[in-house]
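Have a look at the structure below, then the notes.
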Amino acid sequence: MINSSLKQLGEMLQAKKISSVELTQSFLSRIQQYNPDINAYIALDEAKTLTQAKAADALIASGDTTPLTGIPIAQKDIFCAKGWKTTCGSKMLANFIAPYDAHVITQFDAAGAVNLGKTNMDEFAMGSSNETSYFGGVKNPWDFKRVPGGSSGGSAAAVAARLCAAATGTDTGGSIRQPASLCGFTGLKPTYGVVSRYGMIAFASSLDQAGPMAKSAEDCALMMNVMAGFDERDSTSLQREKEDYTRDLHKPLQGLKIGLPKEFFAEGLDANVGKVIEGAIAEYKKLGAEIVDISLPNTGLSIPVYYVLAPAEASSNLSRYDGVRYGHRAESYTDLMDMYCKSRAEGFGAEVKRRILIGTYVLSAGYYDAYYLKAQQIRRLIAQDFVEAFKQCDVIMGPAAPSTAFKAGEKVDDPVAMYLQDIYTISTNLAGLPGMSVPAGFSTGSDGKVLPVGLQIIGNYFDEARMLNVAHQYQQVTDWHAQIPNLGKPNLVLPEELK
Ligand code: GLN
């Protein structure tokens, strides 16, 4: 059951083969068993969760259902959920109980889905390993010594370890796709503006976008049907017709033009990861796709551009945490200024402080033109590269991350090495384009560990349905996405499905 697709779970629920309460309880007991080790969830509230499951069962009994009614979903702790602790992985918000629901949460509630709990994440979504979380790191279910990626590391581990039916994440520079690659599941970052950011704690507002993290492309499509849509409370939410993201899943790929940017296969890519990606491309050729060699000449500038723009926006967004209205307040202080300084010094972790300092610096009067303005100009050039590329191809493919999961502690003291994890994902955020990561095989690390590798698929604006089609067709002829980690602990009897 834990391996069933969302569609299968929905069918079982509606045929009353299982109740939402039973399904939810089975996930809760897996969480109880494995979460103490994995640390994927940082807030659980069984009573609240089961109340929702009971309500879903009532909806099912009355026949008033949607495809996700009664299905337990994990929510990244960046989404405000009324009555739930919402921390964004920070000490600053360690005691914050959200007084309202984010749009994404409202949408899942309206669909009758069940909120299983809030998942761990890098502090304020800044990181690629989940190690900046105030609540501790998350273990990669494929190897507990390794990181799950970040910043949506808790959702990633929860999906990979089957501690939820599916999860939500957010992606500012790669935080859905890089963990999807490192943990071996399917994750989609939609076109900027497709999913409302209302109630989603802001990191870098012009880049932040929420999306699904799930077992397959089909599951992502069903999640998108719930998450996407216009919301007047987010000024960047796009007013478009509601779409059915499952509509193109079954289309054949004959004649699909796949662009391979030479910059994605250059120095810096782990050779074994490269081989897995080549294998996936070969599979697409068998499915009738044509390969086109393309170039994204400015893509090499995306990391420096991002690390000017994202901190600039973060420094502004995070100025609201001053200890006055909400969030951590220092216990003792001499005057107002001292209260601000101490509250912020105590409430934020090192990476967040680094970003606030960088952001404040690049926005300062003397340096604005040299850094912020320049970065905005190059951002436009990076977006223009994609406009040119999509004249030659329908989708772009490459790796989602430069390596497989790395060991905890390996990069924490080297911010630049950590920042390079997003070298293949950040340019799409800067351009506002949709991108996804799809399990494409496994690679053996230096110590013989077998670890998942994700193929990145980048689409043109609003081409999510086509990308999901491209991923789904691949998942019909491969079973990488169906592989699950063995969570065996020496003294533990594994559930039948995991043997
Ligand atoms: N790893 C990138 C960063 O640290 C991206 C994070 C994200 O997408 N939220 O900023």
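So here's what we get for this one:
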quantity: Residue in the stretch 388-397 that is assigned to a helix (DSSP H, G or I) and either more than 16 Å from the ligand (Cβ to nearest atom) or among the aliphatic types (A, V, I, L, M) (or both) present; calculated: yes
quantity: Criterion: without any contact (Cβ under 8 Å) to a residue 24 or more places away in the chain, over 13 Å from L301 (Cα atoms), of a type in the set (F, W, Y) and in a helix (DSSP H, G or I) - qualifying residue of Y361, Y367; calculated: Y361
quantity: Count of the stretch 132-171 residues which are within 22 Å of T425 (Cβ to Cβ), in contact with a strand residue (DSSP E or B) (Cβ under 9 Å, 6 or more places away or on another chain) and surrounded by 24 or more Cβ atoms within 10 Å (Cβ to Cβ); calculated: 23
quantity: Failed item in (1) surrounded by fewer than 17 Cβ atoms within 10 Å (Cβ to Cβ); (2) within 16 Å of the ligand (Cβ to nearest atom); (3) among the aromatic types (F, W, Y), with F265 passing the rest; calculated: (2)
quantity: Residues that are among the β-branched types (V, I, T), more than 9 Å from the ligand (Cβ to nearest atom) and closer than 18 Å to M223 by Cα, drawn from the stretch 139-182; calculated: V159, T168
quantity: From A61, A56, A81, residue being free of Cβ contacts under 8 Å to residues at least 60 places away in the same chain, buried (at least 22 other Cβ atoms within 10 Å of the Cβ), assigned to a helix (DSSP H, G or I) and not hydroxyl-bearing (S, T, Y); calculated: A56
quantity: Verdict on D101 being surrounded by fewer than 23 Cβ atoms within 10 Å (Cβ to Cβ) and either among the charged types (D, E, K, R) or within 16 Å of the ligand (Cβ to nearest atom) (or both); calculated: yes
quantity: Residue identified as touching a residue at least 12 places away in the same chain (Cβ under 8 Å), within 29 Å of S319 (Cβ to Cβ) and within 15 Å of the chain's Cα centre (by Cα) among M121, M92; calculated: M121
quantity: Residue list for the stretch 419-475, restricted to those being within 19 Å of the chain's Cα centre (by Cα), on the phi > 0 side of the Ramachandran plot and more than 16 Å from the ligand (Cβ to nearest atom); calculated: F462
quantity: Filter result for the condition that a residue is closer than 15 Å to D171 by Cα and of a type in the set (A, V, I, L, M), over L430, L420; calculated: L430
quantity: The lone exception for A282 - which of (1) touching a residue at least 60 places away in the same chain (Cβ under 8 Å); (2) assigned to a helix (DSSP H, G or I); (3) among the small types (G, A, S) it fails; calculated: (1)
quantity: Residue in the stretch 207-229 that is in contact (Cβ under 8 Å) with a residue 24 or more places away in the chain, part of a loop (DSSP other than H, G, I, E, B), within 21 Å of D109 (Cβ to Cβ) and away from the ligand (no atom under 13 Å from the Cβ) present; calculated: yes
quantity: Residue within the stretch 189-198 that is more than 9 Å from the ligand (Cβ to nearest atom), β-branched (V, I, T), under 15 Å from Q107 (Cβ atoms) and under 9 Å from the mean Cα position of the chain (by Cα) present; calculated: no
quantity: S129 vs. criteria buried (at least 24 other Cβ atoms within 10 Å of the Cβ), within 16 Å of the ligand (Cβ to nearest atom), within 15 Å of A210 (Cα to Cα) and of a type in the set (S, T, Y); calculated: no
quantity: Of all residues in the stretch 331-383 being small (G, A, S) and farther than 20 Å from T172 by Cβ, the one that is farthest from the ligand (Cβ to nearest atom); calculated: S332
quantity: Of the criteria (1) more than 12 Å from the ligand (Cβ to nearest atom); (2) surrounded by fewer than 24 Cβ atoms within 10 Å (Cβ to Cβ); (3) in contact (Cβ under 8 Å) with a residue 40 or more places away in the chain, which one A202 fails; calculated: (1)
quantity: Qualifying residue in the stretch 308-318 (condition: more than 16 Å from the ligand (Cβ to nearest atom), over 24 Å from R380 (Cα atoms) and out of contact with any Gly (no Cβ under 6 Å at 6 or more places or on another chain)); calculated: no
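To keep it simple, each residue is scored yes or no on (1) within 18 Å of E131 (Cβ to Cβ); (2) surrounded by 20 or more Cβ atoms within 10 Å (Cβ to Cβ); (3) over 25 Å from the mean Cα position of the chain (by Cα).
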{"residue": "R355", "(1), (2), (3)": "yes, yes, no"}
{"residue": "G359", "(1), (2), (3)": "no, yes, no"}
{"residue": "Y367", "(1), (2), (3)": "no, no, yes"}
{"residue": "T404", "(1), (2), (3)": "yes, yes, no"}
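The numbers here are math on the coordinates, done by the rules we state, and not lab data. These figures come from a predicted structure and were not determined experimentally. Methodologically, a virtual Cβ is constructed for each residue, glycine included, from the backbone with ideal geometry; neighbour enumeration extends over all protein chains shown.
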